[in-house]
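Computed from the coordinates by the stated procedures, all read-outs in this text should not be read as laboratory data. Quick caveat: nothing in here was measured; it's all calculated off a predicted structure. Don't worry about glycine lacking a Cβ; one is built from the backbone with ideal geometry, like all the others, and counts go over all protein chains shown.
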Amino acid sequence: MLLENKTCIVTGASKGFGLAISKALLAAGANVGMLARGDEVLQQVVAGLGSTKAIGFACDVSNSEEVRAAFFQIKQHFGSLNAVINNAGLARPGSVEKIREDELLLQVNTNFVGTVLCCQAAIPLLRGEDNPRIINISSASAWHYDEMLHLSIYAATKAAVERFSRDLRNEVKEDGIAVTCVRPGAAWTNFSDGWDDELLNEGFDAWRKVGATMDSGMEVEHVADAIVHSLSYPAGVSVDLLEVRPNKPIPK
């Protein structure tokens with residue numbers, strides 16, 4: 001997919017993978033609609049990019065009305081919509097016994113329900129566009145047992161995203177919409193900001209017992225490159241599943 005003047009929506013775009021993806025898309029010439037929950041931070045980030053090709057909308061992806069409104073306004077603003085990258089996601093540490101109900105539901109509603117709602121809003125807007133694509137972001141935690149422990153709910157929601165993406169791919173194939181699932185491993189981000197220190201340390205302690213080293217060495221830009229790569233194929237060809245993981249062992 002040639003990205004020059006194509007329009008992409010990125011959820012969870014104010015930091016981490018989402019911001020890196022937005023920057024990579026802009027560098028490739030795309031228009032980017034950036035969605036995040038916190039409007040003040042998002043608008044600061046968008047202004048800092050210094051590009052007329054970027055626009056930001058505050059949106060909670062677990063709220064269908066907010067999602068539909070933001071998607072519609074982005075397509076109206078740029079005049080097209082060619083790709084949606086469902087990146088918004090969060091985790092809260094805690095063993096199954098200790099995870100609070102509100103944090104359980106927050107993860108399920110953001111990571112899985114939010115992805116479904118964004119896909120529902122995207123399909124009618126992508127239908128008939130040039131080489132339309134949906135990219136759903138999973139996590140290596142959904143598949144690999146050497147990832148951080150005490151994040152079982154997060155991992156389960158990402159596994160659900162992968163299974164959902166398989167059926168979605170078949171459902172929208174006749175509309176010419178391609179669906180890709182990208183499964184990134186750990187990268188250096190502020191993903192754990194605001195986590196409960198005690199619960200996080202319990203997870204680390206459990207994790208250290210299953211191995212002395214962890215894989216490291218990946219940056220958010222590597223995931224952004226994977227997204228641009230996944231959008232680079234011509235219509236009728238797609239990446240179904242792409243995993244990008246660090247490959248340098250360091251002590252935990």
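Quick notes on this structure:
- Local electrostatic count at ALA156 - Lys and Arg +1, Asp and Glu -1, tallied over other residues with Cβ under 14 Å: 0
- Extension gain (nm, one decimal) between SER51 and GLU4, 0.36 nm per residue minus Cα-Cα: 15.5 nm
- In the chain, the longest principal axis of the Cα atoms and the axis of helix 220-230 are about 40 degrees apart.
- Other residues lying with their Cβ under 11 Å from the Cβ of SER165 contribute a combined charge of +1, Lys and Arg counting +1, Asp and Glu -1.
- Sites SER64 and ARG208 - FRET efficiency at Förster radius 45 Å, r taken between beta-carbons, to 0.05: 0.65
- Folded to 0 to 90 degrees: helix 64-78 orientation relative to the chain principal axis, Cα: 50 degrees
- Distant-in-sequence amide H partners of ARG183 (H built 1.01 Å from N, under 5 Å): SER138, LEU242, GLU243, VAL244
- Part-to-part distance (alpha-carbon centres) for the range 1-76 and the range 133-148, which is given in Å: 22 Å
- Here the scattering of the chain is modelled by Debye summation over its C-alpha atoms, one equal scatterer each and no solvent; at q = 0.11 Å⁻¹ the log10 of I(q)/I(0) is -0.55.
- In degrees, nearest ten, helix 197-208 long axis to first principal axis of the chain (Cα): 80 degrees
- Taking amide H atoms as placed 1.01 Å from N in the peptide plane, the amide H of ILE85 lies under 5 Å from those of ILE9, VAL10, THR11, ILE135, each 5 or more residues away in sequence or on another chain.
- Contact order, relative form, for the range 28-108: 23 percent (alpha carbon pairs under 8 Å, 6 or more residues apart, mean separation divided by residue count).
- Semi-axis lengths (Å, descending) of the ellipsoid that matches the C-alpha gyration tensor of the range 12-114: 27, 15, 11
- Average Cα contact separation per residue, the range 7-251, under 8 Å, 6 or more apart, as relative contact order %: 20 percent
- Residues whose amide H lies under 5 Å from that of VAL32, counting only those 5 or more places away or on a different chain, are CYS8, ALA54, ILE55; hydrogens are built 1.01 Å from N in the peptide plane.
- When +1 charges are put on Lys and Arg Cβ atoms and -1 charges on Asp and Glu Cβ atoms, the dipole computed for the chain relative to its Cα centre reaches about 520 debye.
- Gain on full stretching of the segment that runs from VAL96 to ASP146 - 0.36 nm per residue minus C-alpha separation: 16.2 nm
- Where labels lie 7 Å past Cα in the beta-carbon direction, separation of LEU241 and GLU40 in nm: 4.2 nm
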